[in-house]
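The values are calculated or read from the model by the stated rules, or taken from the named source; none is laboratory data. Remember, it's a predicted structure, so these values are computed and weren't measured experimentally. Cβ placement follows ideal geometry from the backbone for every residue including glycine, while neighbour counts extend to all protein chains displayed.
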Amino acid sequence: MASLSATSLSFKAPSIQSTRISQSISFGRFQSSKSLRLQISCAAKPETVQKVSDIVKEQLALSADTALTAESKFSALGADSLDTVEIVMALEEKFNISVEEADAQNITTIQEAADLIEDLVQKKPAA
Amino acid sequence: MAAPFTLRKIGVPPNSANLTEARRRVFDFFRAACRSLPTVMDIYNLQDVVAPSQLRFAISAQIRNNAHVTDPKALPLISVSLVIDLLLFKGMEELTDIVDHAKQRHHIIGQYVVGEGLVQNTGSKDQGKSDFLKNFYTSNYV
């Protein structure tokens, strides 16, 4: 439970800050801060990607110094399809989300997994 | 918290038409098992004994144990997807028993937590047997 509140706090903080900024600055600067917010929500946050990489490393029993970029494919790291499903389940447990089967089929790289997680966490009704 | 997962008791579903559908069923079963893990840990008080990731690994190891069931030539009279269906049925039965608290804590710990579980389940079938035994059913003179 403690870890759940920590993750939800870390996701909420940036958006609260940006809304405060957009309310306090003048109309001329409003556009740029709005586009900045859009940029943050499109790409997955680096900390999410890092957490996903940690889970993948642990699941596939990779050594700690294996270079894991966001674009690494699971199959390239030696995961078969059952491993991929297991990784998705581990992510479900860690981030407290529920991944549908259709979404799970499309996950092949770490970046896609992180994007999907961000998507689902934002869609989840705020507890 | 994500919505609590309940194991729906479907009757025996019709046989899978091909390997792809059997594959999909295997993954669905694995997902159902993983989603029931919080309930299981709660029922049998396994919080201090094992982590959910270890149980997930145990489940996937059991599935992998039967991963060799893909060669149609090895099973001339039965289709491969039927065999997979049967294995899934047994797996589903086991999962339902566990979730219904029809088992006891020492069963779970002995079968899924400690080492490789019951002795007769160690190792997948047909691996490590000699060539003589492997060809025993095919012919005497290979």
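Side notes on the structure shown:
- Selection of the stretch A:57-89 for residues being assigned to a helix (DSSP H, G or I), touching a helix residue (DSSP H, G or I) at 6+ places or on another chain (Cβ under 6 Å) and either of a type in the set (Ser, Thr, Tyr) or under 18 Å from residue A:124 (Cβ atoms) (or both) yields A:88, A:89.
- Residues satisfying the stated conditions in the stretch B:58-67, i.e. crowded, with 16+ Cβ neighbours inside 10 Å and facing chain A (nearest Cβ under 9 Å): B:59, B:60, B:63
- Considering the stretch B:1-28, the residues that are of a type in the set (Val, Ile, Thr) and part of a helix (DSSP H, G or I) include one that is modelled with the lowest pLDDT, namely B:20.
Residue-wise test of (1) modelled with pLDDT of 80 or more; (2) buried (at least 17 other Cβ atoms within 10 Å of the Cβ).
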| position | (1), (2) |
| --- | --- |
| A:67 | no, no |
| A:70 | no, yes |
| A:74 | yes, yes |
| A:80 | yes, no |
| A:86 | yes, yes |
| A:90 | yes, yes |
| A:98 | yes, no |
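- Qualifying residue in the stretch B:7-15 (condition: in contact with a helix residue (DSSP H, G or I) (Cβ under 6 Å, 6 or more places away or on another chain) and either of a type in the set (A, V, I, L, M) or within 13 Å of chain A (Cβ to nearest Cβ) (or both)): yes
- The stretch A:69-127, subset free of Cβ contacts under 8 Å to residues at least 12 places away in the same chain and of a type outside the set (D, E, K, R), residue nearest to the other protein chains (Cβ to nearest Cβ): A:89
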